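To keep things clear, I will list the structure first and then write my remarks on it.
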Amino acid sequence: MDNDRIDQIIAQHHGQASSLIQVLLDIQSEHHWLPKEALKRVSEKLQVPLTQIQHIATFYKAFSLVPKGRHQVHVCVGTACHVRGASRILDTLQELTGIKAGETDLDLKFSLETVNCVGCCALGPVMEIDGKTYGNVTPAETIDVMKNFK
């Protein structure tokens, strides 16, 4: 992401330091993570200390300071999903992508994460890909869904 695009995002929020979190969310939405160079530019333009921006970026789980894949895959491992077979779904995804939970593949195509609750326990086991929820999934259905992203 170049400085011009970062400047555009900041301008959309009127260059206000109070919009810092939204600026970071917008940068991450486009880039899938927050590169150090982007944080430095935001610091300069909003006149917010870089250390403060780094504290915010590490505090909120929504932010990543390491590259993430184009497709964000989340598997719910909350109690309801766990007892309904979430571990089988996670195992299937790990085999398909070649990565473990918390990792991103080398092609930056997939990031695989576990979450404690998606909020739709009756649909367990549940996975989300790029914000779309798939409920009551089996390992075979997981394979079918992932074919759409290969």
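Coordinate-derived values only; no laboratory data. For clarity, every value in this text was computed on a predicted model and none was experimentally measured. Every residue, glycine as well, gets a Cβ built from its backbone with ideal geometry; the counts of neighbours run over all protein chains shown.
Table for the structure above
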| quantity | calculated |
| --- | --- |
| Net +/- balance of residues flanking Gln8 in space, Cβ distance below 12 Å, scoring K and R +1, D and E -1 | -2 |
| Set Lys100/Lys150; Lys40/Lys61; Lys36/Lys132 screened for pairs whose C-alpha atoms are more than 26 Å apart | Lys36/Lys132 |
| Packing-based exposure ordering (other Cβ within 10 Å, fewest first) of Ile56, Ile27 | Ile56, Ile27 |
| Gln94 paired with Gln52, simple spin-label distance in nm, labels 7 Å along Cα-to-beta-carbon | 4.2 nm |
| Exposure proxy ranking, count of Cβ atoms within 10 Å, fewest first, for Leu25, Leu20, Leu106, Leu90 | Leu106, Leu25, Leu20, Leu90 |
| Peptide ranges 67-80, 133-146 listed from the most packed, as the mean C-beta count within 10 angstrom indicates | 67-80, 133-146 |
| Cut-off 14 Å between beta-carbons: net charge of the residues surrounding Gln94, Lys and Arg +1, Asp and Glu -1 | -3 |
| Degrees, to the nearest 10: 20-31 long Cα axis against longest axis of the chain | 60 degrees |
| Stretchable slack from Asp130 to Ser29, in nm (0.36 nm times residue separation minus alpha-carbon distance) | 35.2 nm |
| Derived scalar couplings ³J(HN,Hα) [the stretch 142-150; Karplus, 6.51 cos²θ - 1.76 cosθ + 1.60; whole Hz; x for Gly, Pro] | 4, 4, 4, 4, 5, 4, 5, 10, 7 |
| Placed amide H near His71: partners under 5 Å, 5+ positions off or other chain | Phe110, Ser111 |
| Amide proton proximity set for Val115, modelled H, under 5 Å, gap of 5+ | Val75, Cys76, Val77 |
| Using alpha-carbon coordinates, inclination of helix 50-59 to the longest axis of the chain, degrees | 20 degrees |
